[in-house]
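Contents: one structure, followed by commentary.
Please treat every number below as a calculation from the coordinates, not as lab data. Small disclaimer: the values here were computed from a predicted structure and weren't measured. Positions of Cβ are generated from backbone atoms using ideal geometry, with glycine treated the same way; all protein chains shown enter the neighbour counts.
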Amino acid sequence: MNRAITMLSVAAIATATSSAFAGVGIFDSFAIVKINGGTNSYYDLASVTANPDFQGANLGSFDPGLGNSLLFNGAQLKTFEDNGDVVSSSDINYRIYSGAPSGSFNFVNLPQLGAKVGNDRVWEEAAAGVNVLSGLLNGNYFLQVYGHASTNLGDQYVNNGGSNYAASFSVVPEPASLGLIGLGALGMLRRRKH
């Protein structure tokens, strides 16, 4: 029995040690969103900072008829390279859906921002300008994202354990338009009664 426990302990330590010495990876990650023409907001993906978390965030309610806007402007990923391994490119993948997760992902390339510092690189696109509200009807939606880096050791992901990261938002009608529609319907009902 003690030998079995010892063998399991050795296996656990070996697994933890091998992942601790990985040659490349993503160590910080943020989604970048611009709401109603304001400044870019950085939301934590796998990071823990003072920024709000993207996972589970409610980005708000938007009425495009009133000029409301929701732009997905990209992301920032920070990568490390050890033991001569290299990260060659990075991107953020996104999709917009209502209800259960569905649909294919699109992506935004993240160019390297500045020079490599030590073993670390910063990849960022902060002006992609993806109009999240384009073509959406009134309703509740999700903006879902995951980060990706191409390396000589294979693809690396920041994807919430495969579930990805999702923030919710709503598209609503202009209140004045709803009032006009309601008055029109009321007028039609009155006409029918006469």
- Query: Taking amide H positions as placed 1.01 Å from N in the peptide plane, with prolines and chain starts having none, which residues 5 or more places from residue 68, or on another chain, fall under 5 Å of its amide H?
  - Reply: 63
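Tell me the relative contact order for region 36-89 as a rounded percent, counting alpha carbon contacts under 8 Å between residues six or more apart.
The value is 27 percent.
Around residue 81, with a cut-off of 9 angstrom between Cβ atoms, what is the net charge of the other residues, counting Lys and Arg +1 and Asp and Glu -1?
Values: positive: 116, 121; negative: 82, 85, 120.
Around residue 81, the charge tally is -1.
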- Note on the structure: Here the gain from full extension of residue 116 to residue 88, 0.36 nm per residue of separation minus their alpha-carbon distance, amounts to 8.9 nm
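Could you tally the net charge around residue 25, taking each other residue with its Cβ under 13 Å from the Cβ of residue 25, Lys/Arg +1 and Asp/Glu -1? All intermediate terms of the calculation are to be shown ahead of the outcome.
Numbers: positive: 78, 121; negative: 28, 81, 82, 85, 120, 155.
Within the 13 Å Cβ shell, the charges total -4.
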- For region 35-47, Karplus couplings with θ = phi - 60° (6.51, -1.76, 1.60), whole Hz, Gly/Pro x: 10, 6, x, x, 8, 4, 10, 9, 10, 5, 9, 8, 8
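Please give the FRET efficiency for residue 160 paired with residue 140, using the beta carbon to beta carbon distance and R0 = 25 Å, rounded to the nearest 0.05. Walk me through the numbers before you get to the answer.
Working: r = 20 Å, r/R0 = 0.81.
Here the calculated transfer efficiency is 0.80.
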